[in-house]
Amino acid sequence: MSAQFVIGIDLGTTNSVLAYSALNEEQPQVQLLPILQLVAANTIESRSMLPSFLYQCTADESAAKSFLLPWSNDFTFTTGYGARSLSAEFPDRTVGAAKSWLGHSKVDRHQPILPWHAPDDVTKISPVTASQRYLEHLVATWHQAFPDAPIAEQNVVLTVPASFDASARELTREAALAAGLPDSFVLLEEPQAATYAWLNAVGDRWRELLKVGDRMLVCDIGGGTTDLTLVEVAEESGELTLQRAAVGNHLLVGGDNMDLALAHYVAQLFEGKGLTLDPWQSVSLWHSCRNAKESLLCESGPDSHTISVPGRSSRLIGGLVSVTVERAQTTDLLLNGFFPEAQLSDRPARARASGFREIGLPYEADTGITRHLAAFLKQSLAGRSLTHMLFNGGVFKASALRSRLLHQLQRWFPDSPPSIVEGSDDLDFSVARGACFYGWTKLRGGVRIRGGTARSYYIGIETAGLAIPGVGRPLKALCVVPNGMEEGTEVDVPSDPIGLIVGESARFRFFSSANRKTDQPGELLQRWSPDELSETDSLEATLSASDIDNGNTPDDDYVPVTFHSRITELGVLELWCVHESEDKRWKLEFSVRDDADL
Amino acid sequence: MGRISLAWQVLTSGAFAAKVTNLLNLPPALAAPPIAVAPPKPVAPPKTLRSDAVTLLAALQREGRLIDFLKEPIEAYSDAQVGAAVRDIHRDCGGMLERQFAIRPVLDQAEGSNVTIAANAKNGRIKLTGKVGDGSPSSGTLVHHGWLVTKSDVPVWTGTAEAASIVAPAEVEVR
């Protein structure tokens, strides 16, 4: 049976969305799937987003089946709005930000570690399993709505942050396949999805809005992460083409940090009035602060906003305490805290400080998004100008944040300030919609953003030499995948043969770089600065003796191999060890087990 | 941690030229194949043992604390105190009603403008006031534009019969 739909899924850090379009239309008609979910115990409602939270029910709740969905036989946990509201009172029982954990290579993401630091009597799950649960929820909802169109037979596009490295993408893929997505599903970078949403909104008019040589910054600020991408307009046989030229590093700072910063400030105002907030009130406050942010950081907004926290008893007005938050203070706190005036030559502060840090995740020490942006633009533009800017993410509902960023860009590029690309104002849903549109263009033709891999990849090679006790052998980095290697291509990595020991598992340290753009396969780096190469999960291959059974085994049980890398049509990175003379090859797999420092 | 078990053999056998193969060039735009597509199926709601009205009350209390507000004697409070509480209730209950019912005016014309009556009279969309005689008046002044729901998405409650009357459970903190 052939596919009837193309489906775009935004598996977000804080919210997930599914958009779809039927394939029997002339033009894509992208719609959002209403997602049935528990919003409280025993209460099922359809919402357009599924909050990416998972609550582990208590034994009583499980026994009473308080969190029962029509399709599920598992009452031990719940995902969505209900889980999000329960996270306030029961942080120890609630998993959040699983996606940020997926991108965090310092922990073993297959191990049950979430909720982080939960007491022993709470069931823990791995970041991969949590992601799988959210996707399973979306898949089940899909099957309720379209029982005759199994998702495994549809064209599915799933988005990931552009800053996700190969191992985080592979873990996402693993969760997606376990949730029942088809083998053929495609990963798409979120800022590209936002760009596709814009392309869908403007249609063919984009060719009039952009010209050859234009460069567009896509600034995607989600709940927990900031994702930067630079798209260039080129020309190929007389046709305009879009090229993803650069992506930023994985930045763990986003809209939630801003709401939390404001809530922290307002909580102090309440303390001044003698009210110490309990957890339930804190979350109510967080919610109020998001509204206050959107109202005060709006150009035509009021000069002050009253934030009230009701008491917990049934006496609502009697228990109410209010404080007034001034526009000037909020602007100062949020704009200067997150979008400080910066020079294009500024760099983010390096040290991991404790400011907004939650235990475990490596949140950014420097919450100044403008400084991260400066570093990214300085590197990726290399002196050239920026012509356009596309905003994405719910944060930009606060128009003052858009103005501030634009103002900053005008100061950096005074001669030709970039203009804002106005696409969909559907900031919360454009990634899913764009992913769906991308799936459509992939099948039916249409504008495509080309880019290939966002990073270059390296295998660590320990050099031979006299062993010195206590000193590791010098490490070199062999480039195996160049930046921008396109889907559907492969390359033999030229290098001197490397000897693998038969019967032992060979482990390679593995590195990636978002900013070394010119390294070619086979280049051997002798040294690099810490911000150039970041280490991710190591790679592993085992050569069993039976693989080498034709008597030609070298004397010392070494098999000489070279590397071969391949990016599949679906964007999956594969690395192989190739025995040149015997035509044998072994696939290197990510090993996310032993080297996690848990 | 057994890292790399390999020897770096110094063989000057020369580097291989990079062979980049374009495996698959995407075919040009495919013509739309004729595909039968079923419309989304309305999901059969699970059985509920409670009236939708009570479920709606529970939602108004859960999201906007409306029942607390209406049940509280407000005579003793100043208008400012009541006003401070109302803002949040207005926002939260309003948001919930928009989501579940998407309430819109019955007539889109501005209040105070002249509107025709004919087609609207019999289907309950308008109520005539003023000098209403036995004849069928053709037009009048719009005093109130009316309200209608464009959908009704009350949550489905799946609890037990014993709990059906609970709008909000009592909260007891375990210390």
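Just so you know, all these numbers are worked out from the coordinates, no wet-lab data involved. Predicted model, so just to flag it, every value in this text is computed and none were measured. In this analysis, Cβ positions are derived from the backbone assuming ideal geometry, glycine residues included, and neighbour counts consider all displayed protein chains.
Assorted remarks:
- Amide proton proximity set for residue A:43, modelled H, under 5 Å, gap of 5+: B:158
- Estimated distance in nm for a label pair at residue B:102 and residue A:275, the labels positioned 7 Å out from Cα along Cα-to-Cβ: 3.6 nm
- The overall shape of the stretch A:255-338, judged from the alpha-carbon gyration tensor, is prolate: a/c is not under 1.5, and a/b is greater than b/c.
- Share of Cα-Cα pairs in the protein assembly as shown lying beyond 38 Å, as whole percent: 47 percent
- The residues A:122, B:154, A:95, when put in order of fewest to most other Cβ atoms within 10 Å, stand as A:122, B:154, A:95.
- Across the options A:520, A:381, A:561, the greatest Cα extent toward the positive end of the charge dipole of chain A (unit charges at beta carbon of Lys, Arg, Asp, Glu) belongs to A:381.
- For residue A:63 and residue A:178, a Förster radius of 30 Å and the Cβ-Cβ distance give a FRET efficiency of 0.65, rounded to the nearest 0.05.
- Residue order, fewest to most surrounding Cβ atoms within 10 angstrom, among A:511, A:90, A:77: A:90, A:77, A:511
- Estimated inter-spin distance, residue A:152 and residue A:344, nm [label 7 Å along Cα→Cβ]: 5.4 nm
- Using a cutoff of 8 angstrom between alpha carbon atoms and counting only pairs six or more residues apart, the relative contact order for chain A works out to 13 percent.
- Two-site FRET efficiency, residue A:518 against residue A:403, from Cβ-Cβ distance with R₀ of 41 Å, rounded to 0.05: 0.65
- Set of the stretch A:208-240 residues, backbone N closer than 20 Å to the point 7 Å along the Cα-Cβ line of residue A:415: A:211-217, A:232-233
- Debye intensity ratio in log₁₀ form over the Cα atoms of the stretch A:190-271, taken at each q of 0.11, 0.13, 0.18, 0.20 Å⁻¹: -0.44, -0.55, -0.80, -0.91
- Each residue in B:72, B:162, A:582 was given a count of other beta-carbon atoms within 10 angstrom of its own, and listing them fewest first yields B:162, A:582, B:72.
- Each Lys and Arg Cβ is given +1 and each Asp and Glu Cβ -1; about its Cα centre, the protein assembly as shown then shows a dipole of about 1780 debye.
- Backbone N under 15 Å from the residue B:47 label point (7 Å along Cα→Cβ), restricted to the stretch B:150-167: B:157-162
- In terms of its C-alpha gyration tensor, the stretch B:48-101 has an oblate overall shape, because the principal axis ratio a/c (a ≥ b ≥ c, square roots of the eigenvalues) is not below 1.5 and a/b does not outweigh b/c.
- Förster-model FRET efficiency, 41 Å R0, residue A:29 and residue A:211, C-beta, rounded to 0.05: 0.85
- Simple label model, 7 Å out from Cα along Cβ direction - residue B:80 to residue B:173, nm: 2.9 nm
- The slack between residue A:570 and residue A:444, meaning 0.36 nm per residue of separation minus the straight C-alpha distance, is 43.7 nm.
- Listed residue (A:101, A:186, A:83) projecting farthest to the positive dipole end of the stretch A:5-187, Cβ model: A:101
- Anisotropy class of the stretch A:26-145 from Cα gyration tensor, a/c 1.5 cut: oblate
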